Amino acid sequence: MTDPAEEAAYIEKLYEYGEQLNNAKDKSQNVQDYQGIIDAAKTSVKAKQLAAQLIPKFYKFFPDLSGPALDAHLDLVEAEELGVRVQAIRGLPLFCKDTPENIGKMVDILVQILGSEEFVERDAVHKALMSLLRQDVKASLTALFKHIGSVEEPSTDDVIREKVINFVRDKVFSIKAELLKPQEEMERHITDLIKKSLEDVTGIEFRMFMDFLKSLSLFGEKAPAERMKELIGIIEGQADLDAQFNVSDADHIDRLISCLHMALPFVVRGASSSKFLNYINKYIIPVFDQLPGERKVDLLRSLAEFSPYTTPQDSRQMLPSIVQLLKKYMTWKKTGEEMNFTYVECLLYTFHHLAHKVPNATNSLCGYKIVTGQPSDRLGEDFSEHYNDFTERLNNVEEFTRATIKKLTQGMDENNKSMAGAKTDEEKEKIKTKKQNATTGLRTCNNILTMTKPLRTKVPSFIGDKRINLSWKEATKTSSSNAPASGAKRPANAANGSNNIASKKGRGGGGGLQNQLVNRALEGLSSGGRGGMRGRGRGWGGRGRGRGGYR
C-alpha cells in the first residue's frame, strides 16, 4: 500500500507534468514530462487514474514514445482496481483521434472486456466503442465484425463473439440512421460484412441479421429487383440448396423450411424463387412422408404461400409432384382412412395457383380437356381414367368435409352451452380455446369446399387470385391463448401434423364423444405457428457449417 505522503508527491508531480505540457507551445519538446507521466502509471492508485487521463491526452505529440505509452495504458486497462480500469477504458478512443490506424487495435482491446461482470466497466466499454464508431464507422465496424467471424476467419472465442453480436444488435443497429453515413456507401459496407459473417451463424443470428438488412434503405420498397435477388441469394445460401439432401438431417430440414418462409416477402416483391422450388421438387417432395410431422405442414403452407408468385415454367415443373401429393391425401374410396384437412387445403390452394398459370398441364395429370392451342395440350390422348380418379377423390373430400363441418358446428353449440355453465377461469379458457380451434377448423373446411367446387367439371376454372384467405392467415388475427410465441417451441399437441379428422372408423357412437374427439383433433390448429429457425449452436447445429455446406 502506497504511503499517503508518497502518493501525494506522485499526484503533485503528475499535475506538474500535465500543466507544463498544457502550457508548452511545442509540446513535442517536453519529452521528459510525458515520460514522467508514463512512469507514474506504475505507482499509486490515484496516480494511475490521473495518468490514465494524461497519457492519451498528449499521446499524439510523442510518436517516439507511442509504444511505451500504449503499453503503460494497457496495463492500466488490466489493473486490479476498478476505478483505474474504467478511467483507462474511457481514454482508449483518444489514441485514435489523430492516429486512425489505431482504431482496429482499440476495438480489439475493448471487445475483450465486453463480458465484464462490472456494470460500470461494461458501460465504459460500450461508450468507448460508440466513440470509436462515431470517429470512423467503417474501420470500427470492420474491426467489430472480425470478432463475429466467418468460415475463412472464424472467431476463436464464442463468448466474445456472442457479446459482440449483442453489442452490434443493441447499440449499432438501433441507431443505424445516425451511424451509417454516407448512407449508401455505409449500408453497402455493413451489408458486405454481414454477408461474410452469415457463413457460420445460428438460426436466431441469421434471422436477426436478415431483419436488419431488410430495414436498410438499400433494400427498401424502392430498391431495384437485383437487390431483392441479392437477399434471396443470401437466404438460398443459408438453406444449403447446393447440398445433397438427406431426409435424416433434421437440422437441414429446419433451416430449409425456415429459409423458404423468410424468402417469401422478397418473392412477393418480384424476386425469383426458382432455386428453392426446384430443390423442393427434386429432393423434398419425393420423401415428403418421411419428414417430421410439423415440418410437413410448414412445407405445405410455405408452398401454398409461394404458389401465387411462381413462374409458368416453375409451375409446370412443380405441378406433377403437387398433383401426386394431392391425390395421396384426398382419400379415394370410403375405406375409413383419416384425411388431413390441413394438407388438403394447402395442396388444393397450391394446385389452383400452379394450374392457373399452365392449365393445359392438367390434361395428362387430371384428365381435364383444356385447349390453349399449344402442342403441350395433348388433346388427342385419352386421360379419362385420370379424370375419373381425380373427381372421385374430390367427391369424397367434399363428403368428408361437409360431415366435419356438421360436427364442428354441433361442437360449437355444445361449447356455447358449456361456457354458460363454466365456473372457473380455467374452464372458460379451455372452452374458449376449443371454440377458436373449431372456428379455424371451419375456415379450413370452407376453403376446401370453395376450391373443390370449380374442379368438378370437364373444363374446370382454376383460382389464380387471392379470393381464398388461407385458414392459418385468418388465425393469426385471433390466435388461441395457448399459441406459442414466435420462435418458441411448439407444444406436443399442436396440430401441425395432427389435424386429422377421421371418418367413421375408430370413432365411437354418441354425438358428445364425437364432438370432443373432433375438437381434440383440431386442438392447436388456430395457433398457426410456423416452426422457427432453431439454431442449436453455430451453423444451425454445430460449428463449422462451412460456406454453402452444413456438413
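For region 377-389, filtering for residues that are part of a helix (DSSP H, G or I) and either out of contact with any Ser or Thr (no Cβ under 9 Å at 6 or more places or on another chain) or outside the structural domain of Thr452 (by the TED database) (or both) leaves 6. Residue pairs whose Cβ atoms lie under 7 Å apart, sitting 6 or more positions apart in sequence or on different chains, and linking a residue in region 327-342 that is on the phi > 0 side of the Ramachandran plot to a partner that is at pLDDT below 80 and small (Gly, Ala, Ser), are Gly336/Ser503.
Identification of helices (runs of 4 or more DSSP H) wholly contained in region 308-368 with 3 or more residues that are of a type in the set (Ser, Thr, Tyr) yields 312-329, 341-357. Only a single item in (1) within 28 Å of Glu117 (Cβ to Cβ); (2) at pLDDT 95 or above is not met by Gln35, and it is number (1). Tell me yes or no: at least one residue of region 78-88 is of a type in the set (Val, Ile, Thr), part of a helix (DSSP H, G or I) and over 44 Å from the mean Cα position of the chain (by Cα). No: region 78-88 contains no residue that is of a type in the set (Val, Ile, Thr), part of a helix (DSSP H, G or I) and over 44 Å from the mean Cα position of the chain (by Cα).
Every residue, every condition in (1) at pLDDT below 90; (2) surrounded by fewer than 16 Cβ atoms within 10 Å (Cβ to Cβ); (3) of a type in the set (D, E, K, R), yes or no:
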position	(1), (2), (3)
Lys453	no, yes, yes
Thr457	yes, yes, no
Lys473	yes, yes, yes
Thr478	yes, yes, no
Ser486	yes, yes, no
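Within region 397-413, residues that are in the same structural domain as Thr439 (by the TED database) sit with their Cβ atoms under 6 Å from residues that are small (Gly, Ala, Ser), at 6+ positions apart or across chains, in these pairs: Leu408/Ala438; Leu408/Gly441; Gly411/Ala438; Met412/Ala438. Within region 238-256, track down each residue that is farther than 23 Å from Arg301 by Cβ and in contact with a Gly (Cβ under 7 Å, 6 or more places away or on another chain). Listed by number, the residues that qualify are Asp242, Ala243.
Can you tell me how many residues within region 117-160 are in a helix (DSSP H, G or I) and closer than 29 Å to Glu184 by Cβ? Even if it seems obvious, please write down each step before you answer.
Applying the first criterion (in a helix (DSSP H, G or I)) to region 117-160 yields 119-135, 137-146, 158-160.
Filter once more, so that each one left must be closer than 29 Å to Glu184 by Cβ: 126-135, 137-146.
The number of residues fulfilling the criteria is 20.
Out of Ala250, Ala271, one residue alone is in contact (Cβ under 8 Å) with a residue 24 or more places away in the chain and surrounded by fewer than 17 Cβ atoms within 10 Å (Cβ to Cβ). It is Ala250.
For (1) at pLDDT 95 or above; (2) more than 30 Å from Ser273 (Cα to Cα), each residue gets a yes or a no:
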position: Gly149; (1), (2): no, no
position: Ser155; (1), (2): no, yes
position: Leu198; (1), (2): no, no
position: Leu216; (1), (2): yes, no
position: Glu221; (1), (2): no, no
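Please tell me if Lys127 is open to solvent by 30 Å² or more (accessible area, probe 1.4 Å), under 26 Å from Leu54 (Cβ atoms) and under 31 Å from the mean Cα position of the chain (by Cα). Yes; evaluated as a whole, the condition is true for this residue. Residue check: Ile194 meets all listed conditions (1) buried (at least 16 other Cβ atoms within 10 Å of the Cβ); (2) assigned to a helix (DSSP H, G or I); (3) at pLDDT below 95; (4) not acidic (Asp, Glu) but one, namely (3). Residues in region 197-221 that are open to solvent by 20 Å² or more (accessible area, probe 1.4 Å) and in a helix (DSSP H, G or I): 8 in all. Taking every residue in region 370-388 that is in contact (Cβ under 8 Å) with a residue 40 or more places away in the chain and pairing it with any residue that is part of a helix (DSSP H, G or I) and surrounded by 10 or more Cβ atoms within 10 Å (Cβ to Cβ), at least 6 positions away or on another chain, the pairs with Cβ-Cβ distances below 8 Å are Ile370/Pro359; Ile370/Asn360; Ile370/Thr362; Ile370/Asn363; Ile370/Asp377; Tyr387/Cys366.
The values are calculated or read from the model by the stated rules, or taken from the named source; none is laboratory data. All of these numbers come straight from a predicted model, not from anything done at the bench. Positions of Cβ are generated from backbone atoms using ideal geometry, with glycine treated the same way; all protein chains shown enter the neighbour counts. Just so you know, the surface numbers come from the protein's heavy atoms only, side chains and all, with ligands and any DNA or RNA stripped out. Shrake-Rupley method; radii C 1.70, N 1.55, O 1.52, S 1.80 Å.
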